[in-house]
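To keep things clear, I will list the structure first and then write my remarks on it.
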Amino acid sequence: MDLSSLKPAKGSVKSSKRIGRGQGSTRGGTATRGHKGAKSRSGYSRKAGFEGGQMPIYRRVPKFGFKNINRKEYQGINLDTIQKMVDDKGINIFTVEVFIEHGLAHKNDLIKILGRGELKAKVEITAHAFTATATSAIEAAGGTTTKL
């Protein structure tokens with residue numbers, strides 16, 4: 001036995017349908033596309049959301065609300081997360097770089113410290129924004145907050 005004698009198993013390889021090769025092939029004429037209409041033509045591609053001429057759903061449903069272009073999107077980090085990092089990694093000074101390094105934020109994120117959880121450690125935190133509960137909890141634990 002050598003490589004030249006290898007063949008696929010019987011019945012495992014099917015030949016593809018040869019479409020549009022004349023009347024004798026049983027698939028000539030309309031070439032399995034049906035009669036007339038846009039879908040039978042070459043180069044046809046249906047527009048996304050097209051519903052056969054019916055008014056599409058994205059035009060039937062009314063628009064509502066608005067998007068505030070001046071909105072600032074913050075990446076929130078809670079006090080329980082900070083306490084966990086103090087316990088696990090022994091970090092006491094938190095800057096934007098530290099949050100990015102530990103995967104809590106991306107480099108272009110604005111960081112906001114949120115007040116969920118309990119903070120027991122004395123920490124220095126530098127961030128873009130703080131909630132009132134977070135600020136009071138950090139200062140109650142003897143820490144400091146610096147707003148960028």
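Annotation: lysines with alpha-carbon distance below 26 angstrom to Lys67 (same-chain offsets under eight excluded): Lys107, Lys112. Remark: Glu73, Glu97 ranked as Glu73, Glu97, counting other beta-carbon atoms within 10 Å and listing the fewest first. Rounded to the nearest 20 debye, the dipole size of the stretch 14-135 about its Cα centre is 1960 debye, using +1 on the Cβ of Lys and Arg and -1 on the Cβ of Asp and Glu. Multiplying the residue separation of Ile91 and Asn68 by 0.36 nm and removing their Cα-Cα distance gives an extension gain of 4.6 nm. Every helix of 4 or more DSSP H residues in the chain counts as -39500 (n - 2.57), and over all residues that averages to -5500 deg cm²/dmol at 222 nm. In the elastic network of the chain, a GNM with C-alpha springs shorter than 10 Å, the most mobile of Thr135, Thr30, Thr95 is Thr30.
Pairs of Cα atoms under 8 Å, at least six residues apart: use those to get the relative contact order of the stretch 74-147, whole percent.
On the way: 127 pairs, mean separation 25.0, N = 74.
Once divided by the residue count of the stretch 74-147, the mean separation gives 34 percent.
For Phe130, what is the net charge nearby, where nearby means another residue's Cβ is under 11 Å from its Cβ and Lys, Arg count +1, Asp, Glu -1?
Residues near Phe130 contribute +1 overall.
Between Gly76, Gly65, Gly22, the residue with the greatest mean-square fluctuation in the GNM of the chain (Cα pairs under 10 Å linked by springs) is Gly22.
When the chain is treated as a GNM, springs tying every alpha-carbon pair under 10 Å, which of Gly53, Gly28, Gly11 comes out with the largest mean-square fluctuation? Largest GNM mean-square fluctuation: Gly11. Phi angles of the stretch 102-119 translate, via the Karplus equation with coefficients 6.51, -1.76, 1.60 and θ = phi - 60°, into HN-Hα couplings of 8, x, 8, 8, 9, 5, 9, 6, 8, 9, 10, 8, 9, x, 6, x, 10, 10 Hz per residue; Gly and Pro are given as x. Exposed loop sites here mean chymotrypsin sites (Phe, Trp or Tyr not before Pro) with a DSSP loop assignment and at most 14 other beta-carbon atoms within 10 Å; the chain contains its longest site-free run at 67-148. Close amide H contacts of Asn78 (hydrogens built in the peptide plane, cut-off under 5 Å, sequence separation of 5 or more or a different chain): Leu114.
Here, each number is a calculation from the coordinates, and none is a lab measurement. Here the structure is a predicted model, which means the values were calculated and not measured. A quick note on method: Cβ atoms are made from the backbone with ideal geometry, for glycine too, and the neighbour counts reach across all protein chains shown.
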